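Bear in mind that the values in this text are calculations on the coordinates, not laboratory data. All values derive from a computational prediction rather than experimental measurement. With ideal geometry, Cβ positions are generated from the backbone for all residues, glycine too; neighbour counts draw on all protein chains shown.
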Number of protein chains: 2
Amino acid sequence: MKKEKAIAALAALAQESRLDVFRMLVQSGPDGLPAGEIGARLGVPSPTLSFHLNHLKHAALVSCRRDSRSIIYSADYKAMNDLISYMMENCCRGDANQCAPVAACKPARETNVKPRLRNAESEKRGKVNA
Amino acid sequence: MKKEKAIAALAALAQESRLDVFRMLVQSGPDGLPAGEIGARLGVPSPTLSFHLNHLKHAALVSCRRDSRSIIYSADYKAMNDLISYMMENCCRGDANQCAPVAACKPARETNVKPRLRNAESEKRGKVNA
DNA sequence: TTCATATTTTGATAGGTATCGAAATATGGA
DNA sequence: TCCATATTTCGATACCTATCAAAATATGAA
């Protein structure tokens, strides 16, 4: 992951409404939620919410698709995994005796990877989703 | 982890110099590095570096101790783990078939992460890369 | 068409953050 | 003591971000 992308993702998450939105989408799973539902649950006015959703989208932390009049947003789990990996890269000089490394959320429906390949190593090898 | 703490940590990391510093400290392991060494490696003027180190410290992502004339900064791995856990909390509605949850760097010299965050895969020892 | 709903864009305002020279503080040694 | 080194604090400047009313756009139904 490139540094600029990591900074964009962190900046996107470093704001209360956006962090709330992202966590809500993470918890909702790959199906996501319509913008209106998110705004209603969080009590955020629609222009403000739209601003924040756009911010998250530009940071590639969420993606969206139109479904009739609604726009459905969902978390991008791979972006999250990449971000975590970037921050913890080569931690403790890679000393295996000192450090147990990262594995992050990987929903089965967003990947073609067998369930047992869920760790940072497989993340590195296998290109999976966007 | 409380929301305010997570936001403070994310905001602290969402800036190039601070992200560089934090990653350098993560890679340096629990022993840390003196401020001067960090500044020299990154080419950041000392007042600017001090500002950023202070920002990271207030966000509880690093701690520091004096060693003679130097001040040694080191990454707080537990804070990092807590942050990742907060972001991925109850991901995919906790559905174990859909989602393998997080475990982050756990240097032997620090106290343990929460047991629920660890699974068989994360126990595997190895190097993390982006 | 015309209307109602869902969401985004515009634009103004208020407030927050980064940078770094110069000065201040802390430590250890001569 | 006085000096050199390591780091922080101060303060001015410049730039960046959040909010939300009002208007615009997109969709589907009557």
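For A:SER46, the label point sits 7 Å beyond Cα toward Cβ; its separations from the matching points on the remaining copies run 5.6 nm, from shortest to longest. Taking the centroid of alpha carbons for each part, segment B:1-80 and segment A:48-77 are 32 Å apart. Across segment A:86-92, rounded Karplus estimates of 3J(HN,Hα) from the backbone phi angles (6.51 cos²θ - 1.76 cosθ + 1.60, θ = phi - 60°) give 4, 5, 9, 3, 6, 5, 6 Hz, Gly and Pro being marked x.
Distances between equivalent label points of A:ILE71 across the copies, with each point positioned 7 Å along Cα→Cβ, amount to 4.5 nm, shortest listed first. Note on segment B:17-71: dipole from Cβ charges, positive end direction compared against B:ILE38, B:ALA59, B:ILE71; the farthest Cα belongs to B:ALA59.
Take A:ASP82, A:ASP31, B:ASP20 and order them by how many other Cβ atoms sit within 10 Å, fewest up front. It would help to have the intermediate numbers written out before the result.
On the way: A:ASP82 20, A:ASP31 11, B:ASP20 16.
If I rank by nearby Cβ atoms, fewest first, I get A:ASP31, B:ASP20, A:ASP82.
Counting other Cβ atoms within 10 Å as a rough exposure proxy, the listed residues A:LYS57, B:LYS2, A:LYS106 run B:LYS2, A:LYS57, A:LYS106 from fewest neighbours to most.
Above 13 angstrom, tally the Cα pairs of segment B:1-73 and express them as a % of all pairs, no decimals.
Numbers: 1656 of 2628 pairs.
Beyond 13 Å sits 63 percent of the P(r) for segment B:1-73.
Each copy carries a label point for A:ASN90 at 7 Å from Cα along the beta-carbon vector; from one copy to the others these points are 3.9 nm apart, nearest first.
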